[in-house]
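Visitor: Here it is, the structure in full.
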Amino acid sequence: MKSLLPISSLLVLLGSASAFAADLNIPMSFEYLALDGKKVESSVFNHKSSLELAPGTHKIAIRYHEMVEDDFSDSQTFVKSTPFIVTLEVDGDHQYHLQAAEGEVVKKPKSYAQNPQVVLTRSDKGQVNYQVANTDIEEESFVSRLFSGNQAVDVSGTAAAATGAAGAAAVVVASAPTSTQAAVNATSLTAPVDASKAAAANPQQMLQYWWLQADEKTRKEFMSWAISQL
């Protein structure tokens with residue numbers, strides 16, 4: 001008659017099987033966008049610093065996202081890089097760490113966001129098999145959308161497609177879908193604006209709102225356009 005394993009032994013075996021997974025950790029200045037074709041729910045206000053990865057090859061979309069001093073005011077604004085795709089081969093329950101190639105502190109965030117370079121290491125100092133490919137997936141600026149009628153790019157969705165089974169391992173190019181609308185109003189934009197409040201707001205309040213929502217590039221575009229209208 002075969003002897004049965006005690007329940008406690010079975011629990012240990014099950015626990016060991018489920019624990020056999022690696023972790024990829026990123027600093028606060030980076031954010032996950034997608035993993036193997038699926039979006040990763042993360043943001044600067046709800047930062048996800050670690051991903052659990054089973055053995056095998058994974059494609060992870062990440063981007064640099066940092067807060068910097070604004071050039072036009074005493075406030076702060078965000079700089080974002082285009083997403084880059086990390087293709088990582090996981091061969092054990094290792095702890096992987098991603099950081100900027102220049103070190104833990106990025107000295108020039110705005111310049112770095114134009115061409116982010118990263119390195120992956122392992123806690124046990126073992127060899128890490130990985131590749132990094134930058135993409136051209138960009139969010140349309142507010143000014144561009146306002147005057148061209150383009151809609152915002154779903155960066156996370158596009159990044160998810162790029163990390164899927166059919167996604168390209170090299171540079172991925174994405175363009176914003178065009179709109180056939182003859183005019184664009186505040187309710188057609190993707191920013192979280194209540195239509196009734198937008199209608200009731202005076203022009204100064206609306207300009208202030210959009211200025212605070214915009215990144216540095218968009219603000220410079222707007223300033224150039226506004227000056228040309230004088």
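Visitor: What's the extension gain from residue 129 to residue 211 if we count 0.36 nm per residue and subtract their Cα-Cα distance?
Guide: Result: 25.2 nm gained on full extension.
Visitor: Could you list the residues of the range 120-138 with an amide nitrogen less than 11 Å from a label point located 7 Å from the Cα of residue 25 in the Cα-to-C-beta direction?
Guide: Counting backbone N atoms under 11 Å from the label point, the list is 122-124.
Visitor: For residue 119 and residue 54 in the same chain, what is the full-extension length gain: residue separation times 0.36 nm, less their Cα-Cα distance, in nm?
Guide: 21.4 nm
Every read-out reported here was derived from the displayed coordinates using simple, explicitly stated rules and does not represent laboratory data. On a predicted model such as this, the values are computed, not experimentally measured, just so you know. Ideal geometry is used to build each Cβ from the backbone, glycine not excepted, and the neighbour counts take in all protein chains shown.
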